[in-house]
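The values are calculated or read from the model by the stated rules, or taken from the named source; none is laboratory data. Values in this document were obtained by computation on a predicted structure and should not be read as measured data. Positions of Cβ are generated from backbone atoms using ideal geometry, with glycine treated the same way; all protein chains shown enter the neighbour counts.
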Ligand code: SF4
């Protein structure tokens, strides 16, 4: 089966009678989870038809609807969600797809995960902690495995470095870790760029360490930066990539929550009239309409309240999700759906652009999110 616990979409997971082999702890919990939510309207249980009708009513009367999420849906459901958004005039906010846009635009070089395994000698985990978000990244691709040109693996052939706001679990197994102040991320990036240009950086960070780091990065034969959700702003990352590529060869891959974010980034960009600027009623990093201005927020597989304080949300809330979330507890309408790769089939795009077919592992009575969105599309 293909695990949809994160964007690595591991395809070697096997389900036994009572176990789940090769999955990491996140994948195991994701695959074996049996907690399901009930259809609800105003926090009271209802049947599915009533929940879908109530959601449709909210959508048609909304003047500033916003759809958020999309990263935990199969590609086909995302396409229906885009159609629905267009029909009701909703803005789509995907969050954390900005770096995918930079990659798809050709603003930065990227590579595939097998290329990381085969060639990468310097790996930077920038604002990310894959041990806790993409747990098999290090064992399958980024650090431990032997690759075509990296026969000695992490002991001799690879240098892994974390640059993050805190000393994470990933930092604890890396050869070097830099902990940076959340308010002085740009200062660190500028200092590193100065050091890469052989200038003594003007910074309150340890100059000698930054110069040493720059020296190491310049010697990389095939460097990879994995950028996560607490990485510095995109423009700073792109500037760093440009500077790095003046003297060595660096690629960028984003590590974001959601197993199918790359697919939604691709689909939003491929819409007619989209110039890649985040126009066409979509935004990748929370830009566009402020969520507190929206009079209806549809959360598709996304726990909005886990990332935003509830007082910032004033509109009616519709949740379509396989699991109970903090947001579903407060939503006006909750519509439970099947989960991609568990009881719903479809396709997805791995974080490095590889298309993956996702078969279901068990049957269930639950409607897929794609089927729910189609029903909404028919009635709005
Ligand atoms: S690393 Fe991600 S895709 Fe692989 S088993 Fe773990 S959660 Fe699933």
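Taking segment 77-113 on its own, how many of its residues are in contact with a strand residue (DSSP E or B) (Cβ under 6 Å, 6 or more places away or on another chain), in a loop (DSSP other than H, G, I, E, B) and within 18 Å of residue 60 (Cβ to Cβ)?
Qualifying residue count, segment 77-113: 1.
Considering only segment 135-170, state which residues are modelled with pLDDT of 90 or more, part of a helix (DSSP H, G or I) and touching a helix residue (DSSP H, G or I) at 6+ places or on another chain (Cβ under 9 Å).
Of everything in segment 135-170, those that are modelled with pLDDT of 90 or more, part of a helix (DSSP H, G or I) and touching a helix residue (DSSP H, G or I) at 6+ places or on another chain (Cβ under 9 Å) turn out to be 137, 138, 140, 141, 142, 169, 170.
Go through the residues of segment 87-110 one by one and say whether even a single one is surrounded by 17 or more Cβ atoms within 10 Å (Cβ to Cβ), under 29 Å from residue 218 (Cβ atoms), in contact (Cβ under 8 Å) with a residue 40 or more places away in the chain and within 16 Å of the ligand (Cβ to nearest atom).
No, segment 87-110 contains no residue that is surrounded by 17 or more Cβ atoms within 10 Å (Cβ to Cβ), under 29 Å from residue 218 (Cβ atoms), in contact (Cβ under 8 Å) with a residue 40 or more places away in the chain and within 16 Å of the ligand (Cβ to nearest atom).
Please report, ordered by residue number, the strands (runs of 3 or more DSSP E) entirely within segment 300-370 with at least 2 residues that are over 19 Å from the mean Cα position of the chain (by Cα) and more than 22 Å from residue 96 (Cβ to Cβ).
The qualifying strands (runs of 3 or more DSSP E) are 333-336.
Failed condition for residue 132, given (1) part of a loop (DSSP other than H, G, I, E, B); (2) within 16 Å of the ligand (Cβ to nearest atom); (3) under 17 Å from the mean Cα position of the chain (by Cα), with all others met?
Result: residue 132 passes all but (1).
Without any contact (Cβ under 8 Å) to a residue 12 or more places away in the chain, assigned to a loop (DSSP other than H, G, I, E, B) and either more than 12 Å from the ligand (Cβ to nearest atom) or surrounded by fewer than 20 Cβ atoms within 10 Å (Cβ to Cβ) (or both): is that true of residue 12 in this structure?
Answer is yes for this residue.
Does residue 21 meet the test of being touching a strand residue (DSSP E or B) at 6+ places or on another chain (Cβ under 7 Å) and either surrounded by 16 or more Cβ atoms within 10 Å (Cβ to Cβ) or within 17 Å of residue 258 (Cα to Cα) (or both)?
no
Tally up the residues in segment 23-41 that are outside any helix (DSSP H, G or I) and near the ligand (Cβ under 7 Å from one of its atoms), please.
Of the residues in segment 23-41, the ones outside any helix (DSSP H, G or I) are 23-24, 33-41.
Right, trim to near the ligand (Cβ under 7 Å from one of its atoms) and you get 23-24.
Residues flagged as outside any helix (DSSP H, G or I) and near the ligand (Cβ under 7 Å from one of its atoms) within segment 23-41 amount to 2.
Has segment 52-67 got any residue that is within 30 Å of residue 135 (Cβ to Cβ), touching a residue at least 24 places away in the same chain (Cβ under 8 Å) and more than 16 Å from the ligand (Cβ to nearest atom)?
Of the residues in segment 52-67, the ones within 30 Å of residue 135 (Cβ to Cβ) are 67.
From what is left, the residues that are touching a residue at least 24 places away in the same chain (Cβ under 8 Å) are 67.
Among the residues that remain, those that are also more than 16 Å from the ligand (Cβ to nearest atom) are: 67.
Checked against the condition, which is being within 30 Å of residue 135 (Cβ to Cβ), touching a residue at least 24 places away in the same chain (Cβ under 8 Å) and more than 16 Å from the ligand (Cβ to nearest atom), segment 52-67 yields at least one hit.
For segment 338-369, how many residues meet the condition of being surrounded by 15 or more Cβ atoms within 10 Å (Cβ to Cβ) and free of Cβ contacts under 8 Å to residues at least 12 places away in the same chain?
The qualifying residues number 0.
Only one of these conditions is not met by residue 70: (1) surrounded by fewer than 19 Cβ atoms within 10 Å (Cβ to Cβ); (2) touching a residue at least 40 places away in the same chain (Cβ under 8 Å). Which number is it?
Of the numbered conditions (1) surrounded by fewer than 19 Cβ atoms within 10 Å (Cβ to Cβ); (2) touching a residue at least 40 places away in the same chain (Cβ under 8 Å), the odd one out for residue 70 is (1).
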